[in-house]
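The values are calculated or read from the model by the stated rules, or taken from the named source; none is laboratory data. Just so you know, these numbers come straight off a predicted model, no measurement behind them. As a convention, Cβ positions derive from the backbone with ideal geometry for all residues, glycine included, and neighbour counts pool all protein chains shown.
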Amino acid sequence: MIGGVVIAAPGSGSGKTMVATGLLGALRAAGHTPAPFKVGPDFIDPGYHALAAGRPGRNLDPVLVGDDLIGPLYRHGTLGADIAVVEGVMGLFDGRIPLDVDDPASARPRAAGSTAEVAVALGLPVVLVIDARGMSQSLAALITGFVAYDPRIRIGGVILNRVGSPRHEQVLRAACVQAGVDVLGVIPRMPAVDVPERHLGLLTARENSGAKSAVAAMASIVAEHVDLDRMVAVARAARPLAGEIWDPAAAVGGSASIAADRPITVAMAGGPAFSFGYAEHVELLTAAGARVVDFDPRHDRLPAGAGALIIPGGFPEVHAEALADNVALHDDVRRFAEAGGVIHAECAGLLYLGRTLDDRPMAGVLPTRARFGPRLTLGYRDAVATSDSVLYRVGERVTGHEFHRTTVAADTPITTPAWAWRTGAGAATEGIVAGVGAAGGVHASYLHVHPAGGPQVIARLVAAARLARRTPEDAPGRG
């Protein structure tokens, strides 16, 4: 049993990521083995967490995996660690906005997927990071409201961020005494740590050449301005969390028994263009009998002997020129699909499988053209499969998440969409199932799903890949 703490805030932009990442780095430098987590479907912050902690950053999202899995996934992620740091999402009580948001009866203190919901599920204390700019005595009212709003939440202390002067600090500390909450750190106003941003948030750690130095700067700031000993004491006062530990082999339902000859090769697109993935994805694939081989579609060929291809989310629009220039991989992927290969593409993968992205040629597996635009599409989706594929059966339901600024148009009508879901304006269909056979081998969609929430899909992918397996000599790629 280890201690843990949730780093939360009244709202986005308060400094949660800097504090959480810096805390992970400072704890590691002090001799601890911290386990990093992020609430929600974020793919970017966990990359910085991983750099700081020296172990995978993991997501905790009750909406995507269900309430019952949050504890087991947390315990799995803390194996070998002595303290956990969980970075929240948005404001402490912010979460999924229901479609019937105008109905007052739909309101509840702990919104689905909120940081508060995860803190209660894990029994962890919350440390609030508060942007103190433009605030003095009113801080007491703010903190009092957060303490009283949901008595199931235990506020273990606050970190005051962007404090303007010693006098400002003195007034803020007095307000915290009035509110009855300890101050665990005071971070002065200073130049922002250099982490460039783009249209979907921070530049990913994999793309940011200065990521290591940025993480080191965050750790230095926290080590200097936050009382680590008191923070550890707050974390160790967490309620002991009992229960099972998530096990990827058990999750795939016994399919971890690998065929007698050798494991099946699953090619996983990566590199800067395709960096959105959950740590549990590879763990489940491996448990199901796959040998996961990473490759970079900007310059690599399809790995030899691949029985399945996974193309995750990311930023292909940023790397479109390099992706377009790798014509040999386009040919590999088209031949692979035409021969019945199993392909699972999410968001960026959907764009790559189309004919063009911002008029640059892509793999051409699907009759689609993608274009970057000004409108952000994001939110959870309760989806139902509308076409059979090697991954899903018609009628199966999942909850996933959309997050993109691109749109996709089809050159010909899509007769086998991947999903249907309800929107505020009615019903919508999305994605494409294509490929050889009655159950299409290509499943491409904007929808991101968490594999721990549907491990049977991983087992199906590996089983289908085994049936379609090629020898290295027959594979379209050269490794």
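When you scan the stretch 160-264 for helices (runs of 4 or more DSSP H) that lie fully inside it, which ones turn up with 1 or more residues that are within 30 Å of VAL462 (Cβ to Cβ) and at pLDDT 85 or above?
248-251
Within the stretch 369-392, how many residues are out of contact with any Phe, Trp or Tyr (no Cβ under 7 Å at 6 or more places or on another chain), surrounded by fewer than 22 Cβ atoms within 10 Å (Cβ to Cβ) and in a loop (DSSP other than H, G, I, E, B)?
Of the residues in the stretch 369-392, 1 are out of contact with any Phe, Trp or Tyr (no Cβ under 7 Å at 6 or more places or on another chain), surrounded by fewer than 22 Cβ atoms within 10 Å (Cβ to Cβ) and in a loop (DSSP other than H, G, I, E, B).
Of everything in the stretch 330-368 that's β-branched (Val, Ile, Thr) and outside any helix (DSSP H, G or I), which residue is surrounded by the fewest Cβ atoms within 10 Å (Cβ to Cβ)?
If we take residues in the stretch 330-368 being β-branched (Val, Ile, Thr) and outside any helix (DSSP H, G or I), then THR356 is surrounded by the fewest Cβ atoms within 10 Å (Cβ to Cβ).
Being in the same structural domain as GLU224 (by TED's automatic domain parsing) and assigned to a loop (DSSP other than H, G, I, E, B): is that true of GLY31 here?
Spelling it out, GLY31 is indeed in the same structural domain as GLU224 (by TED's automatic domain parsing) and assigned to a loop (DSSP other than H, G, I, E, B).
I'm checking my understanding of the structure. Among residues of the stretch 122-147 that are assigned to a strand (DSSP E or B) and not β-branched (Val, Ile, Thr), which one is surrounded by the fewest Cβ atoms within 10 Å (Cβ to Cβ)?
Result: ASP131.
For the stretch 273-294, does any single residue satisfy the condition of being among the aliphatic types (A, V, I, L, M), within 28 Å of ALA409 (Cα to Cα) and in contact with a Lys or Arg (Cβ under 8 Å, 6 or more places away or on another chain)?
Checking the stretch 273-294: at least one residue is among the aliphatic types (A, V, I, L, M), within 28 Å of ALA409 (Cα to Cα) and in contact with a Lys or Arg (Cβ under 8 Å, 6 or more places away or on another chain).
Which one is surrounded by the most Cβ atoms within 10 Å (Cβ to Cβ) among residues in the stretch 38-68 that are of a type in the set (A, V, I, L, M, F, W, C) and touching a helix residue (DSSP H, G or I) at 6+ places or on another chain (Cβ under 6 Å)?
Checking each candidate, the answer is ALA52.
Is it true that some residue in the stretch 105-113 is modelled with pLDDT under 95, surrounded by fewer than 24 Cβ atoms within 10 Å (Cβ to Cβ) and assigned to a helix (DSSP H, G or I)?
Looking for residues that are modelled with pLDDT under 95, surrounded by fewer than 24 Cβ atoms within 10 Å (Cβ to Cβ) and assigned to a helix (DSSP H, G or I), one finds at least one in the stretch 105-113, hence yes.
Out of all the residues in the stretch 73-80, is one or more among the hydrophobic types (A, V, I, L, M, F, W, C) and either touching a Pro at 6+ places or on another chain (Cβ under 6 Å) or assigned to a helix (DSSP H, G or I) (or both)?
Within the stretch 73-80, one or more residues are among the hydrophobic types (A, V, I, L, M, F, W, C) and either touching a Pro at 6+ places or on another chain (Cβ under 6 Å) or assigned to a helix (DSSP H, G or I) (or both).
Given the residues VAL89, VAL63, VAL85, which is the only one that is touching a strand residue (DSSP E or B) at 6+ places or on another chain (Cβ under 6 Å), assigned to a loop (DSSP other than H, G, I, E, B), of a type in the set (Val, Ile, Thr) and assigned by TED's automatic domain parsing to the domain that holds LYS212?
Checking each option against the conditions leaves just VAL89.
Answer yes or no as to whether GLU280 is among the charged types (D, E, K, R), part of a helix (DSSP H, G or I), within 25 Å of the chain's Cα centre (by Cα) and not assigned by TED's automatic domain parsing to the domain that holds LEU122.
yes
So in the stretch 368-386, with the set limited to residues that are over 18 Å from ARG422 (Cβ atoms) and of a type in the set (Gly, Ala, Ser), which one is modelled with the lowest pLDDT?
GLY373
Would the stretch 289-312 turn up any residue that is assigned to a helix (DSSP H, G or I), touching a residue at least 12 places away in the same chain (Cβ under 8 Å) and touching a strand residue (DSSP E or B) at 6+ places or on another chain (Cβ under 8 Å)?
No, there is no match, as no residue in the stretch 289-312 is assigned to a helix (DSSP H, G or I), touching a residue at least 12 places away in the same chain (Cβ under 8 Å) and touching a strand residue (DSSP E or B) at 6+ places or on another chain (Cβ under 8 Å).
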